[in-house]
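Working notes, structure below.
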Amino acid sequence: MPKLYVDANPHCVAYVLENGGSDYKMLQSGYTSIEAEYLAIIHGLNEYFLKWNKELDARQADMDTEKMKHTGNVEFADVASPADKTRRPLPPPVMVCCDNEVVVKQLSREYHIANDRLRKLAQQIWQQVQNVDVKFQWIPRNENLAGKMLK
């Protein structure tokens, strides 16, 4: 299961995808530390899903190239559209690693989320991952690879 490390402060969010890249994004002012942690998870998961879709597109292009080698051409009618002929597989399970225990327990549904702004961010994450096996895991701050990007 790949790991997605996320970390944030009120000014910046960062993610590191194990064997898959990293990035950070500056935030506009007005976010609390915990809101920024939620935004880091959203940002990291978006990148994880984009990476997965790019891999699928590359695999499809390879298959189309192989078909052209064997048949000599590809008829326009043979090209599958995602809506018509192919069902894109879901991304593999991912472990979201965060050094904020409250965020992990809230997203794992162990803690209640009383704050309306946090609840909306949590609902956005839950909707984002509703068909994907995602686990949230607390890790110590010194093991959080994304945290090193914020220093």
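At a glance:
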item	result
Label-point separation in nm, ASP133 to LEU90, each point 7 Å along Cα→Cβ	0.9 nm
Residue-by-residue Karplus 3J(HN,Hα) for segment 89-99, coefficients 6.51, -1.76, 1.60, Hz, glycine and proline x	x, 6, x, x, x, 9, 9, 8, 9, 9, 8
Set of segment 114-151 residues, backbone N closer than 18 Å to the point 7 Å along the Cα-Cβ line of GLU101	136-144
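Read the figures in this text as sums done on the coordinates, not as results from a lab. Treat the numbers as computed from the prediction; the structure is a model and nothing was measured. Note that each Cβ is placed from the backbone with ideal geometry, even for glycine, and that neighbours are counted across all protein chains shown.
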